[in-house]
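The values are calculated or read from the model by the stated rules, or taken from the named source; none is laboratory data. Quick caveat: nothing in here was measured; it's all calculated off a predicted structure. Positions of Cβ are generated from backbone atoms using ideal geometry, with glycine treated the same way; all protein chains shown enter the neighbour counts. To get the accessible areas, we keep the full protein, side chains included, count just its heavy atoms, and leave off ligands, DNA and RNA. Shrake-Rupley method; radii C 1.70, N 1.55, O 1.52, S 1.80 Å.
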Amino acid sequence: MGSVWAPIMSDRRTLTTCFMGVLLAAIAGCDEQPLTPVDQDVVPPEIPMTELQDSEAALTAPGCRMLTTASVAASGDDGDGSVAANSQDDNLNTRWSGPGVGAFLTLDLGSSQTLVGTTVAWHRGNERQNHFVLSTSENGTTFTQAYAADSALNNLPQTYAFSARKARYVRITVNGNTVNDWASIAEARACGEQTAPPVPTADSGPVLPRLPYLQSVGPTSAIVAFRSSASCTPFVRFGEGSLLARTAVATVAGWRHAVVLTGLQPGRAYGYSVEACGSVTGLRTFRTASAPGTQRVRFTTMGDFGTGGSAQSKVMAMMNKPEWRGEFLVALGDNAYSDGTEQEFQDRMFKPMGTLLREVPVFPSLGNHEYVTNQGQPYLDNFYLPANNPAKSERYYSFDWGNVHFTALDSNCAIGMASADRCSAAAQKAWAEQDLAASALPWKVVFFHHPPWSSGEHGSQLTMRRTYGPLFEKYGVDLVLTGHDHNYERSKPMKGDAVAASGTRGIPYVVVGSGGATLRPFAGSQPSWTALRDNQVYGFMDVVVDGGTLTARLITSTGTVRDTLTLTKSLPTVRAASLKLAPLETVPGPVDDPARMPESLRARPPLPPADRLEDVADAPEPPVVPEAE
């Protein structure tokens, strides 16, 4: 059926589709489908309805300055009053309905304007997800795709943002939905450029159960993750500095959200604010990853911190001071004691670290305590990490920041604690070798949990040393960061199973297990390969790479510098122009049923701090063969 143009008018008739559907069903028999497909209005009682916007008020939607539609056309309608003009009458109780996959609605704005998105209120959107494509055109004949997705499962107006473009026409093509092949739209508007509203300076509305935290920040993209106390489709306003002129909308409704910000520039400061279910967060800022060739990179690192206790709190307070805050945080495992459960992540990591993580992205690794619960599944559900390996696993990954290449490993997998369906030790090793070999950046840092060199309670993890030590040496790794033992210890430059001979290159291995878990005594006297060790102070490492110099300092919870490591090298030329700046590849996180809060997210009494030795005690691990001193 050809396009049918209609003038814009108000049509508030009560539709009779429901009655017709019942008649057809009765004619065909109770067990038969109607002879003619219809888009019935009978709402199953078990599906809760989202509260509709006032049907008599002008349509509004977050993140959209609605443009006036001059006229509207459709590929066809149901022949029973559900015409194209209904999509412009500011009445969510009427609709346009068109049959068949590929049915479309076209908005004519009357003249070419700058468009940045489209708002659609889907008929019965809380029951079914629509598969749709948005496209734009200057002449009404040739259309260019601007956006494609599935609608969120609610019947509120949903705004879909795309890059700014000049166009007169917007077409919404519906390729069926999860229930039938009908296209049914209550309201639709094109969105024009808008002046950014005032920037919120403080949080307002209901307090989010988990405040925003930054994930997988790269040179051109970032993820803002958070949790809401109700199911909704939130959005994030963002932009350079404090000009929050752009909007990114969540792709699905639910309680756990991860909104992707794209089109960013490397090494720049961006502000953002979250708007979710009536909650608005105050302006916070972060920096995108610096481009390759950038000389200066600063980050902080620590492990064994997730207790929710006083020692962790003091370390975090010092790390969050302007003089010590890094561009990002590298977490070395045991992020949530005692078992890495959902509630332990909430109460012992995200709550005590919330202030920092709103502005400093964290790149974590799995500790043995995370493995206690379903081999780290809550860890995977809480973080949104790069999955740039053939297994598309977040257990091990890599990223670049300026002139530094970082490789995160799952040492639990490497020493045999993972089942074959969760992580293959051989696959991880093969990927690690390929990853390290492929990086052309002048500095390489590797981090994971179990230390290849340690004189602490657990001792050296020889499987990690003998499996990965040769790779680190072969591909020029400069620094290895670990945790597990609750102390600080830095080795001398190591090669093979000994201190590197004078004049030869070695790798320093550092245990930074002093982030907050109860400190433990050393098992014996200081070995000859140890440069410095300390089990009396809590703290973190501040690492600065500046040109050909890497300086790493142990900063105690009282702000003193307990140890300093300096590495120097002659830098090769990095051809930054030849290195691709791409968003970090991530996998979708858990998707909630928007009608039911996941049981694991329901509010429970807060956990007490895990401050006792028994709270941070370790489960048995594969045996370590004693080493010769």
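Specify whether the C-alpha gyration tensor of region 243-399 places it in the rounded, prolate or oblate class, a ≥ b ≥ c being the square roots of the eigenvalues: rounded for a/c under 1.5, otherwise prolate if a/b is larger than b/c and oblate if not.
rounded
With angles folded into 0 to 90 degrees, how steeply does helix 17-28 sit against the dominant principal axis of the chain? Use alpha carbons for both and round to 10.
The answer is roughly 80 degrees.
Net charge near Y371, counting Lys/Arg +1 and Asp/Glu -1 over other residues with Cβ under 12 Å of its Cβ?
-4
With a probe of 1.4 Å, find how much accessible area region 118-228 has per residue, and write the answer as a whole number in Å².
34 Å²
Of the listed peptides 220-227, 592-599, 353-360, what is their order by residue-averaged count of other C-beta atoms within 10 Å, with the highest listed first?
220-227, 353-360, 592-599
For helix 462-474, report the angle its Cα long axis makes with the longest principal axis of the Cα atoms of the chain; keep it between 0 and 90° and round to the nearest 10°.
Tilt of helix 462-474: around 80 degrees.
At q = 0.12, 0.16, 0.29 Å⁻¹, what base-10 log of I(q)/I(0) does the Debye formula yield for region 155-213 when every alpha carbon is treated as an equal point scatterer in vacuo?
-0.59, -0.88, -1.40
Can you list residues whose amide H is under 5 Å from A146's amide H, if they're 5+ apart or on another chain and H is modeled 1.01 Å from N?
Amide H neighbours of A146: L134, S135, T136.
In percent, what relative contact order does the chain have, based on Cα pairs under 8 Å that are 6 or more apart in sequence? Walk me through the numbers on the way to the answer.
Details: 1599 pairs, mean separation 71.5, N = 629.
Across the chain, relative contact order equals 11 percent.
Quick one: grab the alpha carbon gyration tensor of region 307-426, order the square roots of its eigenvalues as a ≥ b ≥ c, and give me rounded if a/c is under 1.5, else prolate or oblate depending on whether a/b is larger than b/c.
Cα axes put region 307-426 in the oblate bin.
Only one of the values [x] 125, 67, 44; [y] 165, 61, 58; [z] 87, 52, 44 was calculated from this structure for Cα extents along the principal axes in Å; name its label.
Looking at Cα extents along the principal axes in Å for this model, the match is [z].
Taking the Cα atoms only, what angle lies between the long axis of helix 425-438 and the longest principal axis of the chain, rounded to 10 degrees?
Its long axis makes an angle of about 90 degrees.
For labels at H131 and A438 in the simple 7 Å Cα→Cβ model, what's the distance in nm?
For the pair H131/A438, the computed spacing is 3.1 nm.
Within a Cβ distance under 13 Å of S163, other residues only, what is the Lys/Arg minus Asp/Glu net charge? Walk me through the numbers before you get to the answer.
On the way: positive: R165, K166, R246; negative: E193.
My count for the surroundings of S163 gives +2.
Extension gain L567-S163, at 0.36 nm per residue separation less the Cα-Cα distance, in nm?
141.0 nm
At 1.4 Å probe size, with the rest of the protein present, what percent of the exposed accessible area of the chain is carbon and sulfur atoms?
Of the solvent-accessible surface of the chain, carbon and sulfur hold 54 percent.
Ranked highest first by average number of other Cβ atoms within 10 Å, how do 431-443, 109-121 line up?
In descending order of packing, they fall as 109-121, 431-443.
Restricting to the chain, what percent of DSSP beta bridges are antiparallel, rounded to 5? Each step should come with its number before you reach the end.
Working: 110 of 128 bridges.
In the chain, approximately 85 percent of DSSP beta bridges are antiparallel ones.
Tell me, what is the percent relative contact order of region 207-338, built from C-alpha pairs under 8 Å that lie six or more residues apart?
Numbers: 270 pairs, mean separation 27.1, N = 132.
Result for region 207-338 is 21 percent.
Quick one: net charge around W324, please, counting Lys, Arg +1 and Asp, Glu -1 for every other residue with C-beta under 14 Å from its C-beta.
+2
Taking the alpha-carbon distance from K314 and a cut-off under 20 Å, which lysines remain once sequence neighbours fewer than 8 residues away in the same chain are dropped?
K351
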